[in-house]
1. So for each of 105-111, 129-135 I average, over its residues, the number of other beta carbons within 10 Å; can you give me the resulting order with the highest mean first?
2. How big is D, in µm² s⁻¹, for segment 121-164 by Stokes-Einstein at 25 °C and 0.890 mPa s if Rh is the Kirkwood radius over C-alpha pairs?
3. If you count only protein heavy atoms and use a 1.4 Å probe, how large is the accessible surface of S35, to the nearest 10 Å²?
4. How charged is the neighbourhood of A22? Take every other residue with its Cβ under 15 Å from the Cβ of A22, and add Lys/Arg as +1 and Asp/Glu as -1.
5. If I take R0 = 25 Å and measure r between the Cβ atoms of D106 and T33 in this structure, what FRET efficiency does the formula 1/(1 + (r/R0)^6) give, to the nearest 0.05?
6. Roughly how many Å² of H51 are accessible to a 1.4 Å probe, to the nearest 10?
7. Using a 10 Å cut-off on Cβ atoms, rank the peptides 167-173, 92-98 from the highest mean neighbour count down.
8. Once you wrap a convex hull around the alpha carbon atoms of segment 79-155, what is its projected area averaged over all directions, in nm²?
Amino acid sequence: MGQLRGVVLVAALMLPGLASAALVDAVAVTTGTDSRASTHVNMVRLSLQKHWQQRWFTQGNWYLTGYWELGFGYWHGNAGDTGRSHIEAVDFRPVLRLQRQVSSRDATQFYVEGGVGPALLSATHIDNLQFSTTFQFGSHIGAGICFGRDHRFDLEYRFMHYSNADIKKPNDGISFNVVQLGRRINAVHPPLALSLQ
């Protein structure tokens with residue numbers, strides 16, 4: 001746990017420098033709990049995001065865009081049969097987002113999104129779950145809104161899943177129902193696709 005806490009602390013301290021260098025343009029905090037009735041694992045996660053400048057399929061009411069996301073998570077649960085009550089996780093994923101066109105920079109903007117990428121866990125068990133490998137794949141689907149001046153804030157529901165894709169068994173995997181709140185931190189925002197209707 002100490003190593004991941006150190007990484008999260010370093011990331012937080014480097015945030016102003018990363019933002020000024022345009023390497024990170026948004027941060028998000030995620031919290032939630034696992035979806036199984038038989039286990040009780042809670043998640044807290046900090047993520048750094050770099051939004052893409054590209055927009056595709058902009059002729060209709062929706063357009064496709066995305067961002068890179070680097071996440072640092074802490075999972076806490078019962079010791080269970082494994083004797084382990086916490087795990088730290090680091091994951092990286094590209095995220096595709098289907099976002100609604102809006103007529104002004106202050107109008108609430110709806111979206112749906114999904115992403116998948118590699119993840120590394122600090123341990124292979126928590127509560128009564130066994131993951132077999134510290135290497136996992138982290139994925140999510142979600143829906144949310146961007147709001148505030150220039151859509152600076154982002155509120156989202158996510159269903160997140162971690163699994164090793166049966167590289168080695170047992171592969172219990174874990175899924176979380178979470179809420180995520182994000183904020184753009186870079187003064188330079190990518191151009192918004194505004195509806196002309």
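The values are calculated or read from the model by the stated rules, or taken from the named source; none is laboratory data. Keep in mind the model is a prediction, meaning the values are calculated, not measured. FYI the Cβ positions are ideal-geometry reconstructions off the backbone, even for glycines, and counts take in every protein chain you see. The protein model used for the area step is the full one, side chains on, heavy atoms only, and it has no ligands, DNA or RNA in it. Shrake-Rupley method; radii C 1.70, N 1.55, O 1.52, S 1.80 Å.
1. Values: 105-111: 14.9, 129-135: 17.4.
Taking the mean over residues of other Cβ atoms within 10 Å, the ranking is 129-135, 105-111.
2. Details: Rh = 12.9 Å.
The estimated diffusion coefficient comes to 191 µm²/s.
3. Its heavy atoms expose roughly 60 Å² to the probe.
4. Numbers: positive: K50, R184; negative: D25.
Spelling it out: positives minus negatives among the neighbours equals +1.
5. Numbers: r = 34 Å, r/R0 = 1.34.
Computed FRET efficiency for D106 and T33: 0.15.
6. Answer for H51: close to 20 Å² accessible.
7. Numbers: 167-173: 14.0, 92-98: 17.1.
For the peptides 167-173, 92-98, the packing ranking is 92-98, 167-173.
8. Values: hull surface 24.8 nm².
Spelled out: convex hull of the Cα atoms, projected over all directions, averaged, 6.2 nm².
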